[in-house]
Each structure stands twice: as structure tokens, then as C-alpha cells.
Amino acid sequence: MDATLPELPQDILMDIFTLLEIPDLVRAASVCPSWCSAYTSLCNLGQYKQSQTPCLLYTCETDSESDARLYNLVEKRSYKLTLPGPPIRSRYLIGSSNGWLVTADDRSQMHLLNPITVEQIALPSVITLEPVAPIFDETGAVYKYNFTNRAARPLVTFALDELRIHRKAFVFYDTSAERYIVVLIHNPEGQLSFAWLGDDKWTFLPPHTFFHDCVYMDDLLYAVAARGEIFAFNLRGPIATKKLIVDRAKDYICENIYIVQAPCGDLLQVWRLEDETVYAEKLVKINSLDDHVLVLGHNQSLCLSAEEYPQLKENRVYFTDDHELYIFGWKNNRRDIGVFDLENNSREELVSPQLWSNWPPPIWANSASGLAVHDDCKIKFSDLKARRGFRFIVFKIDEKAMEIKVERLGETSHGYEEFTNSLPADECRYAVYDLDFVTDENCQKSKIFFFSWSPDTARTRSKMLYASSKDRFRREMDGIQCEIQATDPSEMSLDIIKGRAH
């Protein structure tokens, strides 16, 4: 007698999965097709809200150039990840926040990389930063950079693989604007620039020297400088504004200084000194974090509740190496990584023996779902598939909201020409088309095609965003029978489509 276990409804499965840590969530996805579908929907719809214990992302000498590993503090074990090119071991890791790594390649070009979903998004070119100007060869290709260190100094020329302008980068979400923003601390002397996701260039902020760290609260950017000054920036107007909210706390520049949002909402200032003494400042010195934890390094600085993250020890600082010389220079030196106990002023190893190679320096990372998929996408596709309510659907990535949405619906009376005319000549799109055809045996049939439209004239960043998100979005469309990738109308003619259908 055949027997099958009753399946839970997908919405209940998704509610359960929201309570899982990332390793358990990934394992749950491999149990059966219905669980995998719930997992995919949960991530793609942006509903995965479980607070994740930070993981240590690192590379290992025994792995390939494109492999990285995540050390999970909950399970005390590592997971191997294969990441898209360029190889992770050839990149500089210049930031980590909200589930995204910020990397710079050997030409100093920057990308966002989600290590869980392997989505990758190109950021504005380094030549759009104010201190950098391109030098072109006789073919019109960039082959060197001019760099302005300070107004009073002459230009310095760098080869493409020699410019090291990046210091630290962050990815924040502005809830009012419903947009992601990337903030970059860069040379000369720790200046600030920012770009809304989808911008073609960086915007330079009012100058100040030696910024060390940033946090985004209540739609304002707070940045701390080397002597403890804290500035608040409003980036949402036509012109960014700056206001000093805390004056300098000391007359000397310390090795590293951080700014974090405490669970209570206050701003906490943390100094990391060369003698490895770590303490926190909130107008006056405090000697204990009580039941809280700091997570510091080249990541977005975090202050977490040990009650909400029970695998972390209270009144401790979990730190990775973020000394500028080690991050960008001394590639073979051992990294300063561990746990600092504020109660007895001592440190302990995070894990022993050391798991990681020294380059790129390990960095704290947490999870994020990447691009969200609007509910309407699945609803309309189900209508096309089950009731044949539409002939085609065109989908567009809203780069401001970082969400895939329905752009156009084709009526059942529309033909293939109406469909191809709905795809813009110079912009990327996803689409599905319900094709009716007659087989060689004179049988009437239909097949649903998935299209990835990426014309050569589209923006490079848009093409990369659509390419990196395609596989996950396509999995949302359960029932796709054929796939077409096209950069030109000739690659998706009706004859080609019919040939694929047979």
C-alpha cells in the first residue's frame, strides 16, 4: 500500500522557516520539493527576518580561488561557498553589512556580493570618485589612474592594479526613500562618498578628514572621525547637508574608532587602541556592556543583545583585523582575530587551530535575502499557467526598491509580435510567454517560455543585476518549460521559439 505523509501548507512552512538560522534553513530546503519551494519563496519574497548570528567569512588555502567559507558561531563549523568571479581570493573585502559584502577587484572597481544567494551588483566606477581621473590609451581604454591626494599636492599616477583608494564601505537601507545606499570611506585621508543603488556615479560629501566608521539611523548617516567627532548627514535632499552633533573627544588619533547603534537606540562610540585595550564611550567612559556584545572589524559595527543571540557571550567584543596596513598591505601576516572579555581585560581565540588563510582578511558577515520578488509576480504567473489568463508577462527589476515587479501583462489575444515589441530596446527585462503551436503529428499544444532579455546597449550594471538574479527568480516560476537568453531580437525570433518548442 502506498502512503505519503501529509504536507503542510506552504504559508505554514514559511512561518516555521522564518525561525531558523541560515544553516538549518538551507538544510530544510533539501528535504523535499515542497520544503525547497517554501525556502525559495521565503528568501525571494524578502520575508526572512530571523536575526542571524554573525558568521566569519574567510578563504582557505586548500580551496579554489573562487571558494569562501562561513564559520557559523552557533554550530561551530564551516560551510563552503562557491562565489562568482572575479575570484574572491583576488579581491579586497572593504565592507560587510546587511548581508552584502563590498569588494574591490584588482582594477579597484567595486561590487556588492551576497555570499548566500551569490547575487552580484556592480557599483559606480572608481573613476567617478572625486579624487580619481582616468588616463586613456590610444584605443580609448582606461590604462592608468590619476589620483589627487590633496589640493596642494601634485597628481599621483597609478597603474590599474596599484590604486588603493578604498578604506571601508557600507550598505544601508533608507526606509523613507525605500532605497539602498552605499557609503564609502576612501582616500585621501578618510573622505566620504555615497551612491544610491542604481546611480551611475559617486557623490562626494562635504570634506572632513579621517572618518573611521558609519551607521544609518532614522534616515540619517552618522559618521565618526578619528578624534571622536560625530557628524550627521542628510543624503535625501538635492544637496547633502552635514551637522556636527558631538565634538572631538580627544586630541590624538587612535588606531580605530567605531560607531554603533545600541539596542536601546543610543549611539555608542568604541575605541580600539594599539595596546589592544577596547572600551566604549557614551559621553563618559563605561567599563561594561552588561548583557550585550560588540562585533567589530571591517564590517558594519554591531551591538547585539546576548539574550537574542544566546551563542554569543555577554560583555565580550568579537573582533577581526581591520588595521589599514594589514587590510591593504601585509598580505601574509597573521590576522588579529578573537574575543575580548571586558570584565577581566583578557582575550581568547575564536577558534583553534586557525581555519583561515591570511588573505583576504576574514570579515564578519550575516545573511540577507537579496532581491525581493513582489507577490504579484507569482500571482500573475499562476494565472497565466493555470487559467491561461494572459499571453505574456514582462517583469522589471525596480533598482530603487531592489524588488522584481510586474511591468506589463499581455492579453490572450496578443501575438508574439506584441510581446517582442513590449521589450525595451536598451533595457533588460525578464518575461514569460505562453506559446501555442502544432506538433508534427498535428496535435495542438502549448509551452511556457522564460525569457532573459539583456540587450548589448543596456547599462552594464543593469545587465549584471539581471544576470545574477535570473536563476533564483526563474525558480519562482514553477512550470517553465523552455528558457531563452537573448541580447538581440534575432536570437528570439518566432522561428527559433517554435524550433525550441518541438
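Tabulated results
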{"read-out": "Volume per residue that the Cα convex hull of the range 388-502 spans, once the total is divided by residue count, Å³", "value": "101 Å³"}
{"read-out": "21 Å Cα-Cα threshold exceeded, pairs from Lys378/Lys463; Lys144/Lys201; Lys445/Lys498; Lys76/Lys470; Lys168/Lys396; Lys445/Lys470", "value": "Lys378/Lys463; Lys76/Lys470; Lys168/Lys396; Lys445/Lys470"}
{"read-out": "Approximate spin-label separation Ser176-Asp495, in nm, with each point projected 7 Å along Cα-to-Cβ", "value": "5.8 nm"}
{"read-out": "Length added when fully stretched, Thr209-Ala425, from 0.36 nm per residue minus Cα-Cα", "value": "73.3 nm"}
{"read-out": "Ranked by how many other beta carbons lie within 10 Å on average, peptides 121-129, 301-309, 414-422 from highest", "value": "121-129, 301-309, 414-422"}
{"read-out": "Distance cut-off 17 Å, percentage of C-alpha pairs in the range 383-452 lying past it", "value": "47 percent"}
{"read-out": "Residues in the range 440-461 that a label on Arg107 would reach, taking backbone N under 13 Å of a point 7 Å out along Cα→Cβ", "value": "460-461"}
{"read-out": "Length released on extending from Thr487 to Asp440, taking residue separation times 0.36 nm less the Cα-Cα span", "value": "13.9 nm"}
{"read-out": "Highest average packing first - 184-191, 493-500, Cβ atoms within 10 Å", "value": "184-191, 493-500"}
{"read-out": "Arg408 accessible area, 1.4 Å probe, all protein chains in place, Å² to nearest 10", "value": "100 Å²"}
{"read-out": "In Å², nearest 10: area of Lys144 left accessible to a 1.4 Å probe", "value": "80 Å²"}
{"read-out": "Asp478 paired with Val74, simple spin-label distance in nm, labels 7 Å along Cα-to-beta-carbon", "value": "2.5 nm"}
{"read-out": "Lys313 versus Leu155: modelled label distance in nm, points set 7 Å from Cα along the beta carbon direction", "value": "5.4 nm"}
{"read-out": "Shape of the range 150-259, Cα gyration tensor, a/c cut at 1.5", "value": "oblate"}
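The values are calculated or read from the model by the stated rules, or taken from the named source; none is laboratory data. Keep in mind the model is a prediction, meaning the values are calculated, not measured. With ideal geometry, Cβ positions are generated from the backbone for all residues, glycine too; neighbour counts draw on all protein chains shown. Ligands, DNA and RNA are stripped out before the accessible areas are found, and what is left, the full protein with its side chains, is counted by its heavy atoms. Shrake-Rupley method; radii C 1.70, N 1.55, O 1.52, S 1.80 Å.
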